[in-house]
Amino acid sequence: MASKKNCIITIEIGTNAVRVVAFDLTGTTIASMKGSYPTFHSQPDYSEQDPEQIFITMLYVLKNLLIEHIHPHKIKVESICFSASMHSVLAIDKRGNPLGNAVIWADNRAKKEAEKLKNSPQSKIIYSATGTPMHPMSPLFKIAWFRHNDKERFKQASKFIQLKTYIIQQLTGEYLIDHSLASATGLLNIHKIKWESEALAYAGINSGMLADLVPIFESAGKLKKAYQNSLGIHADTKLIVGSSDGCLATLGAGVKDGCKATITIEDSGAVRIMGNKVLNDKKQRFFNYLLTENCYVSGGPTNSGGVIFEWFTKQFGDFKNPFDMEYTMKELFAVAAKVNAGSDGLIFLPYLLGERAPIWDANARGVYFGININHERQHFIRAIIEGILFEIYSIGKTLEEHCKINSLSINGSFASIPLCAQIIADIFNKPVSISQHNYSVGLGAYLLSATEMGIFTNLEEAAKSIVLPEQYFPKNNLHDIYMRHFDIFEKLSVKLKDDFVDVVKLQ
Amino acid sequence: MSQFLLQKENSTELQLFEHINEFAFKKNNSIRLNSFNENCSDCLRLYYIIEGKFDWKINRENYTLYPNDLVIILPGQELIAEKGYLEIGSLYWLKIYLNIQHNGNKNALGIWSSISAPEYISIKKIIFLNNVPVLSRLTDAASIFSQLRNEIFGQEIGYVTRVNQLLDELIILITRKVTQQSICQRDFPQAFLKLENELRKDLSHHWTVEEMAAIVGLGTTAFSDKVKNFTGFTPINYLINIRISEAIKLLKKPGENVTDIALDTGFYSSQHFATTFKKLTGYTPSHFRKKNI
């Protein structure tokens, strides 16, 4: 084997952890490592992360990966490509130092700011310009929240940036934001690819207070000398700004054609399609994020993913050993597999955390419906799983009002569980393929880097290189059974709206 | 079983145990007003309910106590019987001094105890941090209390050693129970977040893996595996992440002395800080500071 080898490194700054993956130039994983960091909830609606801890963790993991897997084999690092969770906001002062922690996507403190704009006539204009739903996750509202509720920080802030911008700035000194992440801020006009003045005005800032907008292929600048030395990386290693986790997970799932949807379910979930057209939904139910010019990732996010099943496991699972979540979950799945489709008429609404798409109701709460005297523990387990997947289907169904979906590609630790994959195929009545790759975001970032290097002529060709061999097909007439249950599920989600408000008052 | 009350000042039985302030068993058959006046706020006070139901206010919170409950009142905490008198029933109590120091060793429980200094640090952390005032259904404690009583009154050969051993045993039993009761051993992320907060609260402390594991309520091997799996780091390396990221924040503030920063964030010395910092970031702390201020 030739001693001279090359690799592409991808750095994914996720919600719970940073994941660093090294790929060879054909897209095969050489090594991967992760390092986690905490989310702090100092108040009920708050979700914050420490930018310095994320930076140090990223540096530590990157360094370990290089020392253990790259340098000993004399592999040359061609490029490093970044991706990150969407919607984070970090205020920094004139010297570039963080003013407190970063506020991440899960933070709901800006509820009022979002509600206010949603109910105003401006809402329509800003949604069709920015493509981001009116929700407290959006940086637009978080900045507006600072403006009205943390005046000191707002006054001291010279910029409002994202966590990825901060990490890149620490490494290279430049303040950059790629079009993808920018399109998830609620502040970018996705048609003109310029900051939207109406949105800036609502947030109370000017465009000088945001990072510089660049395409996803753009260089992130040159790595500072000190880091070149400590990491042992050449000065000519390209740093690529990259994109957002959502857009790259879609690309990494091999979706680049309008008729295929990607379903991602980890703790939370999303159904996405990619195409050259913005979905201007009258009810503002979908996001439209920009991958590159004229290429949009559209879809709906849900709060009710694997985290709901984890909650159930913690409460009702049969733990043999302390903290043995994995084994306990596996057991519950084995039990659920033996129950009939539809859980014999037991229906579960999974809204323990409120819900985003498609009902966009922060007050929504969980419901078991239709319990009878013959239902047993195993029905409750299966109903939880079906409830989570019905919610995914309800996003897919609303997406189909805009475009036809022929097949599905799924990824994420919860969606890839075989029982889930089969139920998805049955509920949607469409063939399902699973990305056998564990790191679809990293894989998307690899495709981006490889395209930048000229290995693929464009992203379309890059996406086509992804082979998804594992297939699940809908089973006979299960679809009809599921649909009879789903009808009730869907009706309840809407019918209970006022009752959700009442019950939240008691909580 | 008959009542007894041994007090440091009055009882010869306690002469050889200067760390025991009071040891008693009380059978309360009738209600007498003002019969429950609790002081001795510098002792660790333990009450073990044998019979009856008691409504007590511990540190201004109400608790209803049942047989086999063990009540832990930390030094400085307040205990009040809600009705102003001791209710009908029977109970043991024991008051011991935690801070009798020998040869200036603050970290040891006292010369009488064979709990090692590092283990005692962990024990103290667990009991004081968690602040669990009531341990329910602690039947194992009943036999320790009755053995204590037999040893102290029997005074057979070796009883001094046995009494002290039993006290150690009781303290260890309490510590273990406190961890189990305060941490739900299902949700590792939650337990880990709690640990993270404790580490950050006392970052200058030179945490050992044993101490960290104790907070999560696991043995060190299981703890290290879980942490590695969950965070990607060994416990000590994860701690270094926190130390460095806090140090970075302090370095970015003008006016903080680098040696102080090193010690405040838990490094042994400014040299140790500089080496660790440079290895990870490529900068020495002072160089990093120059670049960022």
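What follows is calculated from the coordinates using simple rules that are stated; it is not laboratory data. Computed from a prediction, not measured in an experiment: that's the story for all the values here. Cβ: placed from backbone, ideal geometry, glycine included. Neighbour counts: every protein chain shown.
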* Asked: Using the per-residue mean of other Cβ atoms lying within 10 Å as a proxy for protection, in what order, highest first, do the peptides B:91-98, A:241-248 fall?
  -> A:241-248, B:91-98
* To do: Quick one: angle between helix A:306-316 and the longest Cα principal axis of chain A, in degrees between 0 and 90, rounded to 10, please.
  => 60
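Can you tell me, using C-alpha contacts under 8 Å and at least 6 residues apart, the relative contact order of chain A as a whole percent?
Normalised by residue count, the contact order of chain A is 14 percent.
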* Structure fact -> Amide H neighbours of A:GLU218 at under 5 Å, excluding residues fewer than 5 places away on the same chain, with H built from the backbone geometry, are A:VAL241, A:GLY242
* Asked: By how many nm would the segment from A:ASN321 to A:MET453 lengthen if fully extended, with 0.36 nm per residue of separation less the alpha-carbon distance?
  -> 42.7 nm
* To do: Amide H neighbours of A:SER435 under 5 Å, at least 5 residues apart or on other chains, H built in the peptide plane: list them.
  => A:ILE410
* Structure fact -> Computed over chain B, the relative contact order (Cα-Cα under 8 Å, seq sep at least six) in percent reads 12
* Which percent of the Cα-Cα distances in the range A:120-169 go past 18 Å? -> 45
* Asked: Per residue of A:226-234, what is the mean number of Cβ atoms on other protein chains within 10 angstrom of that residue's Cβ?
  -> 3
* To do: On a C-alpha basis, how far is the centre of the range B:40-68 from the centre of the range A:86-155 in Å? Whole number, if you could?
  => 49
* **Those lysines that a straight Cα-Cα span of less than 20 Å connects to B:LYS291, excepting residues fewer than 8 apart in one chain** => A:LYS94, A:LYS159, A:LYS222, A:LYS224, A:LYS225, B:LYS249, B:LYS252, B:LYS253, B:LYS278, B:LYS279
* Structure fact -> Phi angles of the range A:231-236, converted by Karplus (6.51 cos²θ - 1.76 cosθ + 1.60, θ = phi - 60°) into ³J(HN,Hα) in whole Hz with x for Gly and Pro, give 8, x, 10, 5, 5, 8
* Nitroxide proxy distance, nm - points 7 Å out along Cα→Cβ at A:ILE67 and B:ASN131 -> 4.0
* Structure fact -> Cross-link reach from B:LYS26 to aspartates and glutamates, straight Cα distance under 20 Å and at least 8 residues apart if same chain, gives B:GLU9, B:GLU13, B:GLU38, B:GLU51, B:ASP55, B:ASP69, B:GLU82, B:GLU87, B:ASP140, B:GLU151
* Give me a single rounded figure for B:223-236: the average over its residues of other chain Cβ atoms within 10 Å of their Cβ. => 3
* Asked: Using alpha carbon centroids, what distance separates the range A:487-506 and the range A:1-61, in Å?
  -> 39
* **Members of A:LYS124/A:LYS192; A:LYS260/A:LYS404; A:LYS112/A:LYS155; A:LYS430/A:LYS497 lying beyond 19 Å, as alpha-carbon distances in this model show** => A:LYS112/A:LYS155; A:LYS430/A:LYS497
* Asked: When you look at the Cβ of every residue in A:48-59, what mean number of other chain Cβ atoms sits within 10 Å?
  -> 5
* To do: Identify, among A:HIS41, A:ILE205, A:VAL21, the residue whose Cα sits farthest towards the positive end of the charge dipole of the range A:5-246, taking +1 on the Cβ of Lys and Arg and -1 on the Cβ of Asp and Glu, with the dipole about the Cα centre.
  => A:ILE205
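Using only the Cα atoms of the range B:184-293, what semi-axes does the equivalent ellipsoid have when each is the square root of 5 times a gyration tensor eigenvalue? Give whole Å, largest first. Don't jump to the answer; show the numbers that get you there.
Values: eigenvalues 167, 33, 28 Å².
Semi-axes (√(5λ), whole Å): 29, 13, 12.
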* To do: Could you compute the FRET efficiency for A:LYS464 and A:SER413, with r as their C-beta to C-beta distance and R0 at 22 Å, rounded to 0.05?
  => 0.30
* Give the calculated FRET efficiency between A:ILE481 and A:ASN206 to the nearest 0.05, with a Förster radius of 60 Å applied to their Cβ-Cβ distance. => 0.60
* Asked: Around B:ASP168, what is the net charge, scoring Lys/Arg as +1 and Asp/Glu as -1 over all other residues with Cβ under 12 Å from its Cβ?
  -> -1
* Most exposed first by the Cβ proxy, i.e. fewest other Cβ within 10 Å, how do A:TYR60, B:TYR159 rank? -> B:TYR159, A:TYR60
* Residues in the range B:243-282 near a label at A:SER42, defined as backbone nitrogen under 15 Å from the 7 Å Cα→Cβ point? -> none
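Translational diffusion coefficient, Stokes-Einstein: compute it for chain A using the Kirkwood radius over C-alpha pairs as Rh, at 20 °C and 1.002 mPa s, and state it as an integer in µm² s⁻¹.
92
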* **FRET E, pair B:GLU61, B:ARG32, Förster distance 35 Å, beta-carbon r, rounded to 0.05** => 0.85
* Asked: List the chymotrypsin sites (Phe, Trp or Tyr not before Pro) in the range B:192-280 that DSSP assigns to loop (not H, G, I, E or B) and whose Cβ has at most 15 other Cβ atoms within 10 Å. Which are they?
  -> B:TYR268
* Structure fact -> Exposure-ranked with fewest Cβ neighbours within 10 Å first, A:GLU52, A:GLU326 stand as A:GLU326, A:GLU52
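Could you order the peptides A:494-507, A:289-302 from most to least packed, using the average number of other C-beta atoms within 10 Å per residue? Mind showing how you got there, number by number?
Working: A:494-507: 11.6, A:289-302: 22.6.
Final packing ranking: A:289-302, A:494-507.
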* **Nearest-ten-degree value, helix B:159-182 long axis tilted from longest Cα axis of chain B** => 60
